[in-house]
Amino acid sequence: MSAEAVRQPAAAPIVDVRNVRKVYRRDAEQITVLDGINLQVPPGEFVALMGPSGSGKTTLLNLIAGIDRPTSGEVVVAGTDVGRLSESELARWRSHNVGFIFQFYNLIPVLTAQENVELPLLLTSLSKKERRERALTALKVVGLADRAGHYPRQLSGGQEQRVAIARAFVADPGVLVADEPTGDLDAKSAEEILALMESLNRDFGKTIVMVTHDPRAAERAHTQKHLEKGVLKA
Amino acid sequence: MPLPISYNVRNVRTRWQVSLLAVIGIGLVVTVFVALMAMRTGFTLALRATGEPGNAMVVQRGSASELTSWVPLDHRNKIVVDQRVAVGSNGRPLASPEIVVVGAMPRRSDHLPTNVTIRGVTPSAFEVRGGIEIKEGRTFQPGLDEVIVGKRIADRIQGLDLGATIPIQRHNWKIVGIFTSRGGAFESEIWGDLDTMAGPFRRQGGSNSLAVRLKDASTLESFDRWIRDDPEMQLQAVQERKYYEDQAGGLSATLLFLVGFVSLTMGVGAVFGAMNTMYAIVAARTREIGTLRALGFSRRSILFSFVMESVILALAGGLFGCLLAFPINGFSTASGQTPSFSEVAFAFQITPDILARGLVFATAMGFFGGLLPALRGAKLPITSALREA
């Protein structure tokens, strides 16, 4: 979609986090994880969220991805205030707007690479044939078309993450969220994954928000945001 | 669109070790259920197969069985000439007066004595009762001390062999034939000539019962009313098939209660077993649940998927249980708990209906066993599910 969006300089941010607070309650204790966060990500951007453990970067990512809700403030992604959606609306919204890349790939072990990639398409109105074709195309993009029938246990870590990336973009969401995508990989595989993400951003116009510890990974992003104790540093 | 069922089937297959205990647990319950149902069906069928739809049994009012009933000769003569009674090929009424006694005989299996029904009949019994077939030897000769023996009881009682002589009421009777009666209760009886048996059995001047064929089965009610309205006769007419079915009533109901009670208590145990397994499965797949929810699958599809998986497990158990129960199909046994206190032999009957009920029962166990674990899985917050190792 977003090739055009990139060309529009004044485009509204695809991710708009406004004055967000997130407080967890543990017994009587309240823990403020995010405090007054404001973050605008224009379409086609590649952002790295950095910061020490416990700084709240994964929590912020979860809010943007619509799998968690802010205690106060607004998270508007792709034009929708995700905090206002019901549980089932939110599930439907995620399937159309967000692609997930996890640190440990999170492929379903009993499904083949192609079936894993096909999963998000089960939530669309595509026919079985169309689903299969699109899944294969996505696998081609990540260079694993020849592994379509393999199960996750038959793939290397790097290959698993590439299948997971294919799964993340197969339904053509505007935003990809990645939580330490290279955290479990060796240097060479990490490099391949980062190159793939760069290509998705550059060639397919995907907006990427990536949480990472790894400075080399962060360098690939256009912008880096640093979180510390729940507050964004410039 | 929900998650495909193949996903559940593959999970069951991949984690078969975890699933095995639940499958076996549910399977054994289904085995017991099918076996008990087969027993009840076999017993009911044995008694239901006894009797022709157009036949009426004339017995004494208030008698619990033929043993305690008495139809005097003069009443019999009055009844058989009624116009509603059919006439046989020889021009005589199709009516079969019968005397019934019970004798104790040793079982082949444990040599312990059990009660066997001995029935004295006239040659017209074969035409009236219908379905009697001599399988070996020949039928008895009126006037001679000869008997024929039902196939089922011949298999169960010591000494009931073709050509052998057996003592009944201080009289020796020669076995000249073995007969069947379409699986009915007569196959658990010994038959001989009425007039020859009346003396030694002290059953002269009448019969215990009178079976008559009606020209038209729908006249049974008026036939019964006519008999009841006669102040001299303390008799009634009952449809033959119903008469024997009612004899089964007590035991059949007891068996049904037993099926229900045993299946329910064991079923509750199996449901807890399945629940335990499903909780373990949900716990092992927590991160997977988080991933699926993040991808956009709703809580409802997660709930449905895990209930489905539990039902698949239970159905596998159900099939296993049916297979395990199958060898008892046709296995013969007997019950002495009949109103005439004598053995009625019957075969365990596993019918498609029983197997279907067994599978439905398994499905129900799977559903209830899977519901709470599936709810737990569906309710997990995505963020904490994703954090699970």
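List of remarks:
- A single entry from A:LEU139, A:LEU155, A:LEU196 fulfils the requirement of being under 22 Å from A:PRO120 (Cα atoms) and more than 18 Å from the chain's Cα centre (by Cα): A:LEU155.
Every residue, every condition in (1) within 14 Å of chain A (Cβ to nearest Cβ); (2) open to solvent by 10 Å² or more (accessible area, probe 1.4 Å), yes or no:
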| site | (1), (2) |
| --- | --- |
| B:PRO4 | yes, yes |
| B:GLY25 | no, yes |
| B:VAL30 | no, no |
| B:LEU67 | no, yes |
| B:HIS75 | no, yes |
| B:ARG84 | no, yes |
| B:ALA104 | no, yes |
| B:SER109 | no, yes |
| B:GLY120 | no, no |
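- Residue ranges of helices (runs of 4 or more DSSP H) in region B:190-299 with at least 1 members more than 14 Å from every other protein chain (Cβ to nearest Cβ): B:194-198, B:220-229, B:240-284
- Residues of region A:20-66 satisfying the condition of being more than 30 Å from A:ARG202 (Cα to Cα) and small (Gly, Ala, Ser): A:ALA28, A:GLY36, A:GLY54
- Residue in region A:131-146 that is within 18 Å of A:PRO181 (Cα to Cα), of a type in the set (Lys, Arg) and open to solvent by 10 Å² or more (accessible area, probe 1.4 Å) present: no
- Residue list for region B:94-110, filter: touching a Gly at 6+ places or on another chain (Cβ under 7 Å) and within 17 Å of B:ASP216 (Cα to Cα): B:LEU94
- A:VAL76 being touching a strand residue (DSSP E or B) at 6+ places or on another chain (Cβ under 6 Å), of a type in the set (A, V, I, L, M) and facing another protein chain (nearest Cβ under 9 Å): no
- Single residue of region A:51-61 satisfying the filter (surrounded by fewer than 22 Cβ atoms within 10 Å (Cβ to Cβ) and of a type outside the set (Ser, Thr, Tyr)) that is farthest from the other protein chains (Cβ to nearest Cβ): A:PRO52
- Residue in region B:306-320 that is within 17 Å of the chain's Cα centre (by Cα) and either modelled with pLDDT of 90 or more or crowded, with 21+ Cβ neighbours inside 10 Å (or both) present: no
- Residue match in region A:179-190 (condition: in contact with a Leu (Cβ under 9 Å, 6 or more places away or on another chain), more than 13 Å from chain B (Cβ to nearest Cβ) and on the phi < 0 side of the Ramachandran plot): yes
- Helices (runs of 4 or more DSSP H) fully within region B:1-93 that include at least 3 residues being touching a Gly at 6+ places or on another chain (Cβ under 8 Å) and closer than 30 Å to B:ASP353 by Cα: B:16-48.
- Test result for A:ASP16, without any contact (Cβ under 8 Å) to a residue 60 or more places away in the chain and more than 15 Å from B:THR383 (Cβ to Cβ): no
- Checking region A:168-186 against the condition returns a match, with at least one residue being open to solvent by 30 Å² or more (accessible area, probe 1.4 Å) and farther than 18 Å from A:PHE100 by Cα.
- Residue check, B:ALA280 open to solvent by 10 Å² or more (accessible area, probe 1.4 Å) and either of a type in the set (Phe, Trp, Tyr) or assigned by TED's automatic domain parsing to the domain that holds B:MET365 (or both): yes
- Candidates are the residues of region A:81-110 that are within 16 Å of A:ALA168 (Cα to Cα) and among the aliphatic types (A, V, I, L, M); the one that is farthest from the other protein chains (Cβ to nearest Cβ) is A:ILE101.
- Boolean, B:PHE43 is at pLDDT below 90 and within 26 Å of the chain's Cα centre (by Cα): yes
Okay, residues lined up against (1) out of contact with any helix residue (DSSP H, G or I) (no Cβ under 7 Å at 6 or more places or on another chain); (2) among the hydrophobic types (A, V, I, L, M, F, W, C); (3) under 23 Å from B:TRP70 (Cα atoms):
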residue: B:VAL87; (1), (2), (3): yes, yes, no
residue: B:ARG108; (1), (2), (3): no, no, no
residue: B:GLY120; (1), (2), (3): no, no, yes
residue: B:VAL128; (1), (2), (3): yes, yes, yes
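- Among the residues of region B:41-56, the ones that are basic (Lys, Arg) and crowded, with 24+ Cβ neighbours inside 10 Å come to 0 in all.
- Breaking point among (1) closer than 29 Å to B:LEU144 by Cβ; (2) open to solvent by 10 Å² or more (accessible area, probe 1.4 Å), for B:LYS215: (1)
- Verdict on A:ILE37 being open to solvent by less than 10 Å² (accessible area, probe 1.4 Å) and either within 13 Å of chain B (Cβ to nearest Cβ) or not β-branched (Val, Ile, Thr) (or both): no
- Residue within region B:129-150 that is surrounded by 14 or more Cβ atoms within 10 Å (Cβ to Cβ), in a helix (DSSP H, G or I) and of a type in the set (A, V, I, L, M) present: no
- On inspection, A:LEU126 qualifies as within 21 Å of A:LYS206 (Cβ to Cβ), within 14 Å of chain B (Cβ to nearest Cβ), surrounded by fewer than 20 Cβ atoms within 10 Å (Cβ to Cβ) and aliphatic (A, V, I, L, M).
- Test: residue in region A:64-77 that is assigned to a loop (DSSP other than H, G, I, E, B), more than 18 Å from B:ARG299 (Cβ to Cβ) and in contact with a helix residue (DSSP H, G or I) (Cβ under 9 Å, 6 or more places away or on another chain): yes
- Residues (of a type in the set (Gly, Ala, Ser) and closer than 11 Å to A:ALA166 by Cβ) located in region A:107-127: A:ALA113
The values are calculated or read from the model by the stated rules, or taken from the named source; none is laboratory data. Computed from a predicted structure; not experimentally measured. A quick note on method: Cβ atoms are made from the backbone with ideal geometry, for glycine too, and the neighbour counts reach across all protein chains shown. With ligands, DNA and RNA removed, areas are computed over all heavy atoms of the protein, side chains included. Shrake-Rupley method; radii C 1.70, N 1.55, O 1.52, S 1.80 Å.
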